[in-house]
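Let me begin by presenting the structure, written as structure tokens, before commenting on it.
Since every read-out is calculated from the coordinates, none of them should be taken as a lab result. Everything numeric here is computed off the predicted structure, so don't read it as measured data. Ideal geometry is used to build each Cβ from the backbone, glycine not excepted, and the neighbour counts take in all protein chains shown.
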Amino acid sequence: MSRCLAERSIDHVLLERGEIAHTWRTERWDSLRLLTPNWQSRLPGFRYDGDDPDGYRTMPEVIDFLGDYAKAISAPVRTHTTVTSVRSDGAGYLVRTDRGEWRCRTVVLASGACNIARLPDFAVRAPPSITMLTAQSYRNPGQVADGGVLVVGASASGTQIAQELQRSGRQVTLSVGEHIRAPRVYRGKDLEWWMDAAGVLDERYDEVDDIRRARRVPSLQLAGTPDRTTLDLNSLVHLGVRLVGRLAGITEDGKAQFAGSLRNMCALSDLKMARLLDLIDEWARDNGLDTTVGPPDRPPPTHVEDNPPLGLDLASGAIRTIIWATGYRPDYSWLELPVLDRKGYVRHDGGVAEHPGMYLMGMQFLRRRKSALIDGAGDDARDLSAHLASYLG
Amino acid sequence: MASEVQANNGVNVEALLAAKEALSNAPEAAQFKWRAACEWKDGTHSHSTVESFYGLGQDQHRKTTFAFDADHPEVFASLDKGATPVEYVLVGLASCLTAGIAAVAQNRNIQLKSVKATIEGDMDLAGILGIDSDVRNGFSGITVKYNIDADAKPEDIEALVAQSQKRSAVYDIVTNPTNVTVVVN
């Protein structure tokens, strides 16, 4: 957005509570790599020029990448400046920070969708003997007591953490709700390559059937690893991870209750994956790729044991740690304007908030399916900076 | 819809989608209460009725009062004047999933020709008879088998059944715990 505003000669400033890429520096586990390949992080006037386009950035590499971009575009970033409030001020906004005040006619909220780990209300009933972490506070197995671990949530974060902890010698139980299975590499190409090439990632918010639903879809069950292997529930079971249904509750005496819906959760996910792969096969055929890429195939169905456990006594000592990988919510505690819906999200139309002069970036399916990816920022910024410029007149 | 042939499964999807839109913007109108009344007759025989419910901000009354007799079969030395209560649970689950299949099929423009389900719940009576405290009272497992004839590919039919489970109230009730409060007036 800064680059697009600069191109339009719109005077602006970027307020950053820490260093550039603060969240990538402080809220990610050690082994995490970006879920999208290096070539795919295309920003306006900037792209990957290394010798491993199909690799996945480590966290230090993501931090360097964003820092290099800030330098390349001379972004006017004020680091270590925490916004404490944003409110209406006549025709514009008053932005208070711990380093003084700003008055502006427009404001872009790029604080993200993943500020606070979202835990179910019943999490407080876990026995005190259990250590609780979230995908945000988890760093590495060294932080986790020996013994059993319950990982709650089977999207990208939950499955990666479950894999790492099981490999570290701990018995992992993985609680599986709605999730979307996806092969890392399909017909010899990265799944992200297919979705990019076939236009899936460019699908617009005003073209999908049900945008509210599209914005709630969980992240693809992907991992970025040097060997480009697929991480799915079958591979976790092969490692020894035990699958249970969605965590439905914890009783007063500390018993975890799992839903009996595991089989259907896996069936839904397998069917969704098959539809995506069908779409890719169709696109490959229509675009004459069938002779240049590998043959179509379908991963075997997710194997679910006959009678997955419906309960687990958390006070028995079998589980020492619970890791919540149950999603995030944004933190707008500093936003002193009546712009939030009842779920705590800013009401907006493709990133244009209802409040004149206010814009949103980096939210799930903001304007396109790729809006929450680094690669999605450019197109959204081009669109929204144009709107912002015409608002300024 | 792009398809030339419109499926007709007798489900008014437009009305359902309009209700979804309306209730998204009026969450209080989406608060419903479902009710039944039950009266003991004799032995294990009881007579239940269903008539009113609460929703869209007020009590709603039906034109008909539905009646249900429940009893236990003769092998339990009962008079078998109605289905057992656990069979009503099976009826509830099968009919909820089947209604869902019709609604999802309509929404996806899939013409149904025939939808038949059989449903079976496994139960070890050592639970309810107090023979073995390790055995639960309720079903140890439920299996639903569908035979569906429709103008659709097998994977689309599987997707109908999967989506119906995802959106089914009774499936949710049966697969998840629910707080139950019983008071004596």
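With coordinates expressed along the principal axes, the C-alpha atoms belonging to chain B extend over 59, 41, 30 Å, beginning with the largest.
Give, rounded to the nearest 20 debye, the magnitude of the charge dipole that the range B:70-185 has about its Cα centre when Lys and Arg contribute +1 at Cβ and Asp and Glu contribute -1 at Cβ.
Value, rounded to 20: 520 debye.
A simple rule links phi to the HN-Hα coupling: the Karplus curve 6.51 cos²θ - 1.76 cosθ + 1.60 with θ = phi - 60°, which for the range A:212-218 gives 4, 5, 4, 6, 9, 4, x Hz, with x for Gly and Pro.
Before anything else, pin down the relative contact order of the range B:84-176: Cα pairs under 8 Å, at least 6 apart, normalised by residue count, whole percent.
Working: 112 pairs, mean separation 33.4, N = 93.
Contact order relative to length: 36 percent.
Relative contact order, whole percent, for chain A stands at 24, derived from Cα pairs under 8 Å and 6 or more residues apart.
Which value, in debye to the nearest 20, describes the size of the charge dipole of the range B:32-83 about its Cα centre when Lys and Arg Cβ atoms bear +1, Asp and Glu Cβ atoms bear -1, and nothing else is charged? The partial results should precede the final answer.
On the way: 6 positive and 8 negative charges, 72 e Å.
With only Lys, Arg, Asp and Glu charged at Cβ, the dipole is about 340 debye.
Look at the alpha carbon pairs under 8 Å that are at least 6 residues apart: their mean separation over the length of the range A:121-327 gives a relative contact order of 36 percent. Note on chain A: with a GNM built from Cα contacts shorter than 10 Å, the maximum mean-square fluctuation among A:169, A:100, A:92 falls on A:100.
Rounded to the nearest 10 degrees, what's the angle between the helix A:156-167 long axis and the longest principal axis of chain A, both from Cα atoms, 0 to 90? Once rounded, the angle reads 40 degrees. Of B:160, B:56, B:112, the residue with the greatest mean-square motion in the GNM of chain B, using alpha carbon springs below 10 Å, is B:56. The angle between the Cα long axis of helix B:85-107 and the longest principal axis of the Cα atoms of chain B comes to about 0 degrees, rounded to the nearest 10. Here the range A:121-327 is treated as an ellipsoid with the same Cα gyration tensor; its semi-axes, largest first and in whole Å, are 34, 18, 15.
Let me check I've understood the local charge: for residue A:361, count other residues with C-beta under 13 angstrom from its C-beta, Lys and Arg +1, Asp and Glu -1. What total comes out?
Result for the neighbourhood of residue A:361: +2.
What does the charge add up to near residue B:141, with Lys and Arg as +1, Asp and Glu as -1, over the other residues with Cβ less than 10 Å from its Cβ? Here the charged neighbours net out to -3.
Pick out, from A:276, A:319, A:233, the residue whose Cα sits farthest towards the positive end of the charge dipole of the range A:121-327, with +1 on the Cβ of Lys and Arg and -1 on the Cβ of Asp and Glu. Ranked along the dipole, the leading option is A:319.
Looking only at the protein assembly as shown, where both bridge partners belong to it, what percent of the DSSP beta bridges are antiparallel (to the nearest 5)?
Taking every DSSP beta bridge with both residues in the protein assembly as shown, the antiparallel ones total about 65 percent.
With the gyration tensor restricted to C-alpha atoms of the range B:32-83, the semi-axes of the equivalent ellipsoid amount to 30, 9, 8 Å, longest first. Under the convention that each Lys and Arg Cβ holds +1 and each Asp and Glu Cβ holds -1, the size of the dipole of the protein assembly as shown around its Cα centre is about 1320 debye.
Between the listed residues B:26, A:180, B:129, the Cα displaced farthest toward the positive end of the dipole of the protein assembly as shown, a dipole computed from Cβ unit charges relative to the Cα centre, is found at B:26. The Cβ shell under 12 Å around residue B:35 holds other residues with a net charge of 0, Lys and Arg each +1, Asp and Glu each -1.
If you count, for every residue in A:186-192, the Cβ atoms of partner chains within 10 Å of its Cβ, what is the mean? Please report the intermediate quantities before stating the final value.
Numbers: counts 0, 0, 0, 0, 0, 0, 0.
The mean count of partner-chain Cβ atoms within 10 Å per residue comes to 0.
Comparing A:261, A:74, A:269 in a Gaussian network model of chain A where C-alpha atoms under 10 Å apart are linked, the largest mean-square fluctuation is found at A:74.
Computed across the range B:84-176, the Kirkwood radius stands at 14.4 Å (inverse of mean 1/r, all Cα pairs).
Give the residue list of trypsin sites (Lys or Arg not before Pro) in the range A:125-183 that are DSSP loop and have at most 15 other beta-carbon atoms within 10 angstrom. Sparse-neighbourhood loop trypsin sites (Lys or Arg not before Pro): A:139.
Roughly what angle does helix A:59-72 make with the longest principal axis of chain A, taking Cα atoms, 0 to 90 degrees, to the nearest 10? The answer is roughly 10 degrees.
Could you tell me whether the range A:1-47 comes out rounded, prolate or oblate from its Cα gyration tensor? Rule is a ≥ b ≥ c as square roots of the eigenvalues, rounded for a/c under 1.5, then prolate if a/b exceeds b/c, otherwise oblate. Because a/c hits 1.5 or more and a/b fails to exceed b/c, the range A:1-47 counts as oblate. If each Cα of chain A is one equal point scatterer, what is log10 of I(q)/I(0) from the Debye formula at q = 0.07 Å⁻¹? Normalising to I(0) and taking log10 leaves -0.35.
Approximating the spin labels as points 7 Å out from Cα along Cα→Cβ, the residue B:65-to-residue A:203 distance works out to 5.0 nm.
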